[in-house]
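Presented below is the structure to which this report refers.
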Amino acid sequence: MVQKYQSPVRVYKYPFELVMAAYEKRFPTCPEIPVFLGSEILHESKSDDGAIHVIERSCKLNVDAPRLLKKVHPENEEWTCFEQSASLDIKSFFGFESTVEKIAMKQYTSNIKRGKEVIEHYLKELISQGITFIPRWTPPVAHGQKAEQAPAASHEPSDAPLESGAQGSPTEQTGSSCPPAEPVSPDADKLDADYIERYLGQLTPMQESCLIRLRQWLQETHKGKIPKDEHILRFLRARDFNIDKAREMLCQSLSWRKQYQVDYILQSWRPPALLDEYYTGGWHYQDRDGRPLYILRLGQMDTKGLVKALGEESLLRHVLSINEEGQKRCEENTNLFGRPITSWTCLVDLEGLNMRHLWRPGVKALLRIIEVVEDNYPETLGRLLIVRAPRVFPVLWTLVSPFINENTRQKFLIYSGNNYQGPGGLVDYVDKEVIPDFLGGDCMCTVPEGGLVPKSLYQTDEEPENADHIRLWTETIYHSASVLRGAPHEIVVEILEGESVITWDFDILKGDVVFSLFHSKRAPETSHKEATLPSTSAAGDNVQLIDKTWVLGVDYSRVESPLVCREGESIQGSHVTRWPGFYILQWKMHGPLPCSGTSLPRVDDVLASLQVSSHKCKLIYYYEVLASKDFRGSMSSLESCNSGFSQLSGATTSSSQSQSSSHLSR
């Protein structure tokens, strides 16, 4: 595989002719570049008018290979813009050609890094010898024409095969005079070395080369706006400067950004008022390194309420806007502090974190958001400071950390209790005068304090979120349903293995319903409600799964006792299946309990029936099936606030209808 190198543009404040004369003094040997042992000219030619001078050289490099391999500028027209490119193709080296190419190119470029110093050295040597001016090349004057000075042409010497036990052909292309009309800038086709150091930071020669080559590839092939150099560099870093992997990751991200119009999210999207009030995060000055600082009071946030009230779509869009704003602030701070700032710091306060934050649908939504951010905003997080981590935090960390890139995980600093105070704590990373007041600092922080989201704000499908925007997710974690009298809402789950776990989480937004779970060996046939139902259209997409001809105890059986769920309640539960087959989750409108003998129905049941008889009930729900062996340590077994019942079959554990979720004990 051919190894390639492309240098950034380096500016010499000397005329082109003098720089090229200094460049020629590197040959046949150059003590300032130890890896370069010598060279000899293989071919030399000049154009008839003298404008082009080509030299091909065979160069000897001293490559320190592993033991195993050893065995077998625009402001002044008198300045010169200089760049080099090289390729290395080992023809034969005992089957280790690719490895030797990488080693040789790495050492070659590490020496080339000193290229500017070397040419500066020879420029001073020429000046010390009294050579301060070399006449500029002019084209031949035709008979009868007046001579005019022409711009200098590029010399294009090329270094031909390496000779060090291996045959290769690195080629160098060198500089040209800088015309004042075409300044070298961040937006130019070539990147200036001083610009890279000033705005992008210290890079090795090969890292510079990868950036320039990927940028050139995008300019040649990408249809649309070319991303900024900082953006390209993040993807290279995320893939350890493997240019092929970085190219693939970047192209997928650019396609994603175009498809969902992410480039315009800061201009086109405004957070709902609900987010402004209950989302406990915001920007707050910067850290000691000049990185923008974002504060997230996760422990004070009603994550469950936000997911149910806004859905994942709005939360994801809000997170994307935060990342876009973070990149914008990094650019502003780069200009403000005069040094490259390419990432931001996040300070997460976990005081108040409890099992409410760890219910499975919420963690699932979090993991989906993490996946999108990891794929499209790599290397944007410079540091994550987690303070006041409670005892429950290791559970959350165990669940989430496998989905976070290793490079990102290494940027996490976690403090429990009050360990963040004093030396070694926040003051090492954030100036004392900007530490928020709720963390013991003197700075007033405007980040919202959060609180519980009212259940009256929970969302249903009848209230579409951000209908004017292209949806980033076509599916949602929570679904909504309407329940009419005589028109229950039913879902069928097919179980192939005997011992699996069906989990559910639902909220009753309007009316009272009865929740039941049934089992059948027969596959229910889906059929829509008949027109005999009152207000059929109001039933929405409800389908009848349990056929009216089925007989309870013959065609299907009840595996969970019916549970009356009142308006405003949140219910979580699970069921360990005993047999394969079809399990049906059913929600139906609550009515009076049937009479038994001379007993009368309860008064509150009668009143509830009368109250909702002419109205439909509304709920939002989530369900999932897990393998039994994976359930014990899964997110589903974590407690949730105001959770409902989990009545397991008699063969597994006793039923419970208390207001706390039960745990499996098998």
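Using only the Cα atoms of the stretch 279-320, build the gyration tensor, take square roots of its eigenvalues as a ≥ b ≥ c, and label the shape rounded, prolate or oblate: rounded if a/c is under 1.5, else prolate if a/b is larger than b/c, else oblate.
Working: a/c = 4.61, a/b = 2.08, b/c = 2.22.
Cα axes put the stretch 279-320 in the oblate bin.
Averaged per residue, what accessible area in Å² does the stretch 385-450 show with a 1.4 Å probe, protein chains only? Intermediate results must be reported in sequence, preceding the final value.
Values: 3600 Å² over 66 residues.
Value for the stretch 385-450: 54 Å² per residue.
Given a 1.4 Å probe, how much area per residue of the stretch 14-62 is accessible, in Å²? Show your work: numbers first, answer last.
Numbers: 2340 Å² over 49 residues.
I get 48 Å² per residue for the stretch 14-62.
Grab the beta carbon distance between PHE403 and HIS222, set R0 = 25 Å, and tell me the FRET efficiency rounded to 0.05. Can you show the working numbers first?
Values: r = 29 Å, r/R0 = 1.18.
My answer for the efficiency is 0.25.
Using 7 Å Cα-to-Cβ label points, what is the GLU32/GLU475 separation (nm, one decimal)?
Output for this residue pair reads 6.2 nm.
Count the net charge of all other residues whose Cβ sits under 12 Å from the Cβ of ASP507, scoring Lys and Arg as +1 and Asp and Glu as -1.
Values: positive: LYS304, LYS308, LYS455, LYS510, ARG566, LYS618; negative: ASP505, GLU567, GLU569.
It works out to a net charge of +3.
Under 1.5 on a/c is rounded, so check that first for the stretch 230-296, then, if it is not, pick prolate when a/b is larger than b/c and oblate when it is not; a ≥ b ≥ c are the square roots of the alpha carbon gyration tensor eigenvalues. Walk me through the numbers on the way to the answer.
Numbers: a/c = 3.18, a/b = 1.44, b/c = 2.21.
It comes out oblate by the Cα gyration axes.
Can you give the extra length, in nm with one decimal, that the chain gains between LEU457 and ASP263 once fully stretched, where that is 0.36 nm per residue apart less the Cα-Cα distance? Please list the in-between numbers first.
Working: separation 194, 0.36 × 194 = 69.84 nm, distance 3.01 nm.
The span from LEU457 to ASP263 would gain 66.8 nm if fully extended.
Given labels modelled 7 Å from the Cα in the Cβ direction, how far is it in nm from VAL625 to VAL554?
About 2.7 nm, to one decimal.
With a 10 Å radius around each residue's Cβ, average the other Cβ atoms per peptide and rank 330-336, 123-129, highest first. Present the calculation step by step, with values, prior to reporting the outcome.
Working: 330-336: 15.4, 123-129: 12.9.
The densest-packed peptide leads the list: 330-336, 123-129.
Averaged per residue, what accessible surface does the stretch 221-376 expose to a 1.4 Å probe, in Å²? Provide the component values of the computation, followed by the final result.
Details: 6390 Å² over 156 residues.
Ligands and nucleic acids excluded, the result is 41 Å² per residue.
For a 32 Å ceiling on Cα separation, which of these pairs sit above it: LYS328/LYS510; LYS432/LYS455; LYS258/LYS432; LYS245/LYS411; LYS124/LYS225? Let's see the in-between values first.
On the way: LYS328/LYS510 44 Å; LYS432/LYS455 39 Å; LYS258/LYS432 42 Å; LYS245/LYS411 22 Å; LYS124/LYS225 43 Å.
Correct reply: LYS328/LYS510; LYS432/LYS455; LYS258/LYS432; LYS124/LYS225.
Given the whole protein assembly as supplied and a 1.4 Å probe, what does the accessible area of HIS284 come to in Å², nearest 10?
10
How much length, in nm to one decimal, is gained on full extension between ALA523 and LYS245, taken as 0.36 nm per residue of separation minus their Cα-Cα distance?
Working: separation 278, 0.36 × 278 = 100.08 nm, distance 4.65 nm.
Computed gain between ALA523 and LYS245 is 95.4 nm.
Once fully extended, how much extra length lies between SER561 and SER416, figured as 0.36 nm per residue of separation less the alpha-carbon to alpha-carbon distance?
On the way: separation 145, 0.36 × 145 = 52.20 nm, distance 4.34 nm.
In short, 47.9 nm is gained.
Sorted by packing (mean other beta-carbon atoms within 10 Å per residue), highest first, where do 36-44, 340-348, 384-392 land?
On the way: 36-44: 14.7, 340-348: 22.2, 384-392: 18.7.
Averaged packing, sorted descending, gives the order 340-348, 384-392, 36-44.
Could you check how much of the accessible area of the stretch 274-378 is carbon and sulfur, as a whole percent, using a 1.4 Å probe?
46
The values are calculated or read from the model by the stated rules, or taken from the named source; none is laboratory data. A quick note: this is a predicted structure, and the numbers were derived from the prediction, not measured. Neighbour counts run over all protein chains shown; Cβ positions are idealised from the backbone, glycine included. The accessibility values were calculated without ligands, DNA or RNA, using every heavy atom of the protein model including side chains. Shrake-Rupley method; radii C 1.70, N 1.55, O 1.52, S 1.80 Å.
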